Amino acid sequence: MAGSNVIDEIEDDCGGHDWSAMSARLNSFWAFPQVQEVSAERLARAGFYFTGEADRVRCFSCRQTVENWHQGDMPVQRHFEVSPTCKFLSCTHRSSLFASSSAQTTESIYDEEAEAMQFRLRTGEVVDQSVYPIVPHMKSEDARLRTFSSWPTQSPVQPSNLAQAGFYVPETSEEVDRVQCFCCGGMLSSWEEGDDPWAEHAKYYHNCFFILGHDVGNIPSEQSQQQSSAPRGSMESFEERLNSFRNTLHPVDHEKLARAGFYSKGERDRVSCFRCGGSLKNWQPNEDPWEEHAKHYPGCSFLLSEKGQEFVNSVQLRSPRGHCSNGPSHHERASNIMQLEIAQKAVEMGFEPIKVEATILERIQQTRKEYTTVADLIQDLTSSLSDSDSDVCQEVQTEDPLKKLEKLQREKLCKVCMDNDISVVFIPCGHLVTCKKCSDSLSKCPICCAVITQKIKTYSS
């Protein structure tokens, strides 16, 4: 009887248990039967806690379960197989997943110590003491440009553009077109026709401080850039930036672009910031230059001095990097639709993922805007279901509307006390999880374990 009580206590995680802490998850494995096959530490680091049933474990974040463990199993990889969109995995084990996927064809030796250190770094238990830039002697754009003396003439990208985007050619480069960022140390190679160094840098190393516009000591080129119709060095004044648009057709008001720090590059609708050097293109007529600046380059010192940190935070929360129409194209965003929190909630309610994705894409194509609430998405999904075959989503159609309403109401409740409405958003992860009272004692986000640097009060309409 005592054993049954213990198992019941472990399973009752919807009550007072908070499994977001590593220590809490680790303690749950004291009676785990397969501890000889897979260590409790590895399971807990992968976000799992023991449910008390057989060898079944559950993720505290995405709530998915995994069982039937055997020797040699990789908890993080098995977690990813059942829940590829888990926020805890994406926040804490992104690099591990990339490494494991790239090494699937080769026999690799598991390094427990390395995984543990990486986990502590990602969750903030150990602070990354790396000094940026990684390669300080390449802070000068001219110094970077000098490393391209043997750059292949047939390359589709120019050395001047690569150097301006923070890249230089490392001395021990194994590939003829491999470059490295002086700030983050990220490497790129195999350049193709149409590649833009700034865009590729942001695509693969979007957290690079240089790409984000932070002051990392970059020294712009002192040489006059003959090929550019508007050198960055002469764009400090509003009048000069505005004048750069004189012979340019642009879908956005020229004065608004100039006031937001942008000047024309003379290449279609592409513009660059005179301060941080960030470039944007593929503009839509209704886009606001200040907001686009804050979406893509939130660390720009000119942006922060003119609009303030509060403005940047609000823009980032409404439209975080990676889901912006001015960065990736609409086609590129389609592949990431199911990463959206609203999409995941709809799937959890029983809607088919393919239907959810199609509905969101249709909304974007028709209005160029994404859904802002789960209720709006559910309304469109249910209305489209009534026009389709009755067997497409039978479970959703027969589900009691009152239960759906209860689910929506529960989504608004604090995930800690389950009494008060959610009213605080955590920065930088952007998760809405708790009420004001419960947030006071938290230093890490209970969803993704990211260290909380700021807590912002929200108000529901």
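Just a yes or no: is a residue in segment 96-106 polar (S, T, N, Q), within 27 Å of the chain's Cα centre (by Cα) and modelled with pLDDT of 85 or more? Scanning segment 96-106 turns up no residue that is polar (S, T, N, Q), within 27 Å of the chain's Cα centre (by Cα) and modelled with pLDDT of 85 or more. Total residues in segment 217-258 satisfying the condition of being modelled with pLDDT of 80 or more and either assigned to a helix (DSSP H, G or I) or not aromatic (F, W, Y) (or both): the figure is 26.
Identify, from the list H93, H79, H70, the residue that is out of contact with any Ser or Thr (no Cβ under 8 Å at 6 or more places or on another chain), modelled with pLDDT of 90 or more, under 15 Å from C448 (Cα atoms) and not charged (D, E, K, R).
Only one candidate qualifies: H79.
Here segment 18-32 is the region considered, the condition is being in a loop (DSSP other than H, G, I, E, B) and modelled with pLDDT under 90, and the residue that is surrounded by the most Cβ atoms within 10 Å (Cβ to Cβ) is S20.
Of all the criteria given as (1) at pLDDT below 90; (2) of a type outside the set (S, T, Y); (3) part of a strand (DSSP E or B), the one not satisfied by C62 is (3). Restricting the first member to segment 443-461 and to residues that are among the basic types (K, R), and the second to residues that are modelled with pLDDT under 70, the beta-carbon pairs closer than 8 Å and six or more apart or on different chains are K444/T123; K444/G124. Considering only residues in segment 280-299 that are within 25 Å of K139 (Cβ to Cβ) and at pLDDT 80 or above, the one that is surrounded by the most Cβ atoms within 10 Å (Cβ to Cβ) turns out to be H293. Of the set (1) over 16 Å from the mean Cα position of the chain (by Cα); (2) modelled with pLDDT of 70 or more, all apply to H331 but (2).
Does any residue of segment 358-365 turn out to be under 30 Å from G47 (Cα atoms), in the same structural domain as E341 (by TED's automatic domain parsing), out of contact with any His (no Cβ under 7 Å at 6 or more places or on another chain) and modelled with pLDDT of 75 or more? For segment 358-365, residues under 30 Å from G47 (Cα atoms), in the same structural domain as E341 (by TED's automatic domain parsing), out of contact with any His (no Cβ under 7 Å at 6 or more places or on another chain) and modelled with pLDDT of 75 or more: present.
Identify all residues within segment 366-378 that are surrounded by fewer than 16 Cβ atoms within 10 Å (Cβ to Cβ) and modelled with pLDDT under 75; write none if there are none. Listed by number, the residues that qualify are Q366, T367, R368, K369. For segment 41-57, the tally of residues that are at negative phi, outside any helix (DSSP H, G or I) and surrounded by fewer than 22 Cβ atoms within 10 Å (Cβ to Cβ) stands at 4.
Apart from one condition, S272 fits all of (1) modelled with pLDDT of 75 or more; (2) assigned to a loop (DSSP other than H, G, I, E, B); the exception is (2). Exactly one residue out of G166, G261 is buried (at least 17 other Cβ atoms within 10 Å of the Cβ), more than 24 Å from F148 (Cα to Cα) and at pLDDT 85 or above, and it is G261.
The values are calculated or read from the model by the stated rules, or taken from the named source; none is laboratory data. Worth saying up front: this structure is predicted, and the values here are computed from it rather than measured. Counting neighbours? That spans all protein chains shown, and the Cβs are built from the backbone with ideal geometry, glycine included.
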